[in-house]
Amino acid sequence: MNKTRSIVIASLLAGVGFMSCNSGNMRRNPGKIYAPDMTYSRAYDAYTSNPNFADGQTSRVPISGAIALGHDLPDHLVEGDTNAYKSFTTSYRFNEAELKEGGRLYMIYCGICHGTALDGNGPLYASGKFPAMPANFKDAKYLGMPMGTMYAAIKYGKNLMGSYAGQLDVKQRWQVIAYIKKMQSENGGTPFTLGATSGEAATPVVAVADSAATVREDKHK
């Protein structure tokens, strides 16, 4: 009986020892990997050294002129070139909803000075904080003002008005101008030209040219 018991215990101990050794081997050699590329990357990770480039860096500087996804093309408008301002334009065309958004942006960023009625009598001027009245967009001086001149004022500022380039991106600037021009056209100004005709979709991409280039015609024209 004791002999049988001893054999059983010895067998169990041998089995445990074998399993321990085998377990160690399994840890050292886990066997086949289903997707080795996911475990051992063949690519170089960002911010790691890379012998394929002269500077030894994997992360590369974007190609000159590259534009981040979702961002606008540069407008190439140079500050102080008033002749370029007058001819500067855009291929953007806005539908009714986008014009409404232009009006909303105007009320946020422009109406406080230029007035919600575009008459230059905004709350800040009415409070006596400005020595001169902001532009009255219903005045004859501004009814025929080129859109490019307005755009330059938004981008670079004009007199006491600071730049709003940090508050409004390229499309939003043109939306505000479109709203102003639309309102001016209803008050004796030049015909409104940035609206999409009935059944026409708004142009999703801006293609703005500088004074030395020709503006690309909108595909819907």
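Each of R104, R93, R42 has some number of other Cβ atoms within 10 Å of its Cβ, and from fewest to most they run R42, R104, R93. Protection proxy ranking for 63-70, 111-118, using the average of other Cβ atoms within 10 Å per residue and placing the highest first: 111-118, 63-70. Footprinting exposure proxy ranking of F192, F53, fewest other C-beta atoms within 10 angstrom first, gives F53, F192. For region 173-183, backbone phi angles converted through the Karplus equation (6.51, -1.76, 1.60; θ = phi - 60°) give residue-by-residue couplings of 4, 5, 5, 5, 5, 4, 4, 4, 5, 5, 5 Hz, Gly and Pro being listed as x.
By the count of neighbouring beta-carbon atoms within 10 Å, fewest first, Y40, Y92, Y125 end up ordered Y40, Y125, Y92.
Bear in mind these aren't lab numbers, they're just calculated from the coordinates by the rules spelled out. As the structure is a prediction and not an experimental result, all values here were calculated from the model. We place every Cβ from the backbone using ideal geometry, glycine too, and count neighbours over all the protein chains shown.
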